[in-house]
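Undergrad: To start, I am sharing the structure in question, which I have written as structure tokens.
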Amino acid sequence: MRRLPCRLRLSSSLNLSGQAFVFAKGTLEDTGFAWHVMGPVHGYAANKVASQSPPAGTRVRDTGAPTIIVKLARTPYPEKGEPEDVSPYVGTPVQPIRLAPTTVTPAAPVPAAPRGAEQKAPTAAKPPATKPAPQSAAPAERSAAFVLAGAPKEPLREMPLPQRAKLLKAWIASHSKTRANVRHFLYQHSWIVTGAAFGWWHGAEALEQLIAADRLARKRWGIGTKSELVASRTLAEVKARMK
């Protein structure tokens with residue numbers, strides 16, 4: 001695992017509350033944190049995060065892979081597959097950093113000018129010229145395939161599901177079977193299946209490409225039968241909801 005800076009921060013962007021678990025755990029892993037599910041609700045992909053400890057915004061020391069505790073809540077969606085209650089690598093203790101209070105040093109008094117001396121108004125320094133920041137293109141809108149009450153909206157900062165599935169198939173074709181690669185495959189697979197079940201843009205197309213990736217995984221790695229079954233069942237559900 002890559003080394004991280006000596007200080008990590010659970011920034012506001014790592015506020016996991018309300019996120020589907022499959023997306024929350026991916027966010028934590030991508031930013032160098034381990035995770036552990038606590039409580040009666042287990043780590044199924046479609047369950048959502050009810051709380052996290054420590055909370056977003058907490059500064060912690062880099063102990064290797066600080067472990068974030070999450071508690072989940074059930075959603076209307078079925079709990080498919082096997083639950084994941086711990087991260088795929090060993091987590092380390094969380095050590096919050098207490099920031100020292102800052103003190104303000106009073107400015108030294110300005111000596112008075114001699115009587116009769118001409119006082120000139122200080123010249124204000126001109127701020128350095130700054131170039132306007134380049135305007136980034138706004139992401140295109142993605143219409144939902146269908147609407148489900150309580151389903152999270154598709155995050156536009158993430159690539160569309162069909163593109164994710166296509167890249168996953170190409171990735172399988174160029175990688176050998178290792179434990180880390182199998183975990184990556186299963187994580188991406190769960191992401192696509194869950195997003196399609198939420199009604200995200202072109203979910204049916206993504207699932208069809210995902211089934212092709214499952215078949216390639218079975219051919220190259222000897223796995224993929226169960227994941228193909230999950231994708232096929234979800235595809236049937238998605239198509240039924242689109243009618």
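The values are calculated or read from the model by the stated rules, or taken from the named source; none is laboratory data. Because the structure is a prediction, the values reported are computed rather than measured. For neighbour counting, all protein chains shown are included, and Cβ atoms are generated from backbone atoms with ideal geometry for every residue, glycine included. To get the accessible areas, we keep the full protein, side chains included, count just its heavy atoms, and leave off ligands, DNA and RNA. Shrake-Rupley method; radii C 1.70, N 1.55, O 1.52, S 1.80 Å.
Undergrad: Which value, in Å² rounded to 10, gives the accessible area of M159 with a 1.4 Å probe and all protein chains present?
TA: M159 exposes around 70 Å² with every protein chain in place.
Undergrad: Next question, about the same structure. Excluding same-chain residues fewer than 8 positions from K166, which aspartates and glutamates have a Cα within less than 12 Å of its Cα?
TA: E205, E208, D214
Undergrad: Sort the following peptides by mean Cβ neighbour count (other Cβ atoms within 10 Å, averaged over residues), highest first: 168-176, 224-232, 22-30.
TA: Descending mean neighbour count gives 22-30, 224-232, 168-176.
Undergrad: Quote the accessible area belonging to T234 in square angstrom, nearest 10, computed with a 1.4 Å probe and with ligands, DNA and RNA left uncounted.
TA: In the full protein context, T234 sits at about 0 Å².
Undergrad: Could you check the spin-label model distance between Q95 and R220? Points 7 Å from the Cα along Cα→Cβ, value in nm.
TA: Reported label-point gap for Q95 and R220 is 4.1 nm.
Undergrad: At 7 Å along the Cα-to-beta-carbon direction for both T31 and S143, put a label point, then send me their distance in nm to one decimal.
TA: Rounded to a tenth, the inter-label distance reads 3.4 nm.
Undergrad: Using the per-residue mean of other Cβ atoms lying within 10 Å as a proxy for protection, in what order, highest first, do the peptides 181-193, 79-91 fall? Could you put the intermediate results ahead of the total?
TA: Numbers: 181-193: 20.0, 79-91: 15.5.
In descending order of packing, they fall as 181-193, 79-91.
Undergrad: Something else: Distance from the Cα centre of segment 32-56 to that of segment 211-243, in angstrom?
TA: Taking the Cα centre of each part, segment 32-56 and segment 211-243 sit 27 Å apart.
Undergrad: I've got another one for you. With each label point set 7 Å from Cα along the Cα-Cβ vector, what nm distance links A170 and R61?
TA: 4.3 nm
Undergrad: Stretched out fully, how many nm does the piece from E158 to R179 gain, at 0.36 nm a residue minus the Cα gap?
TA: Going from the current span to full extension adds 5.0 nm.
Undergrad: Given the pairs K48/K80; K71/K239; K71/K177, which are separated by over 21 angstrom at their Cα positions?
TA: Going by Cα-Cα distance, K71/K239; K71/K177 fall outside the 21 Å limit.
Undergrad: Also, I was wondering about something else. Rounded, prolate or oblate: pick one for segment 181-243, where a ≥ b ≥ c are the square roots of the eigenvalues of its C-alpha gyration tensor, a/c under 1.5 means rounded, and failing that, prolate if a/b is larger than b/c, else oblate.
TA: Taking the square roots of the gyration eigenvalues as a ≥ b ≥ c, segment 181-243 is prolate.
Undergrad: Another question, if that's okay. So for each of 37-47, 55-65 I average, over its residues, the number of other beta carbons within 10 Å; can you give me the resulting order with the highest mean first?
TA: 37-47, 55-65
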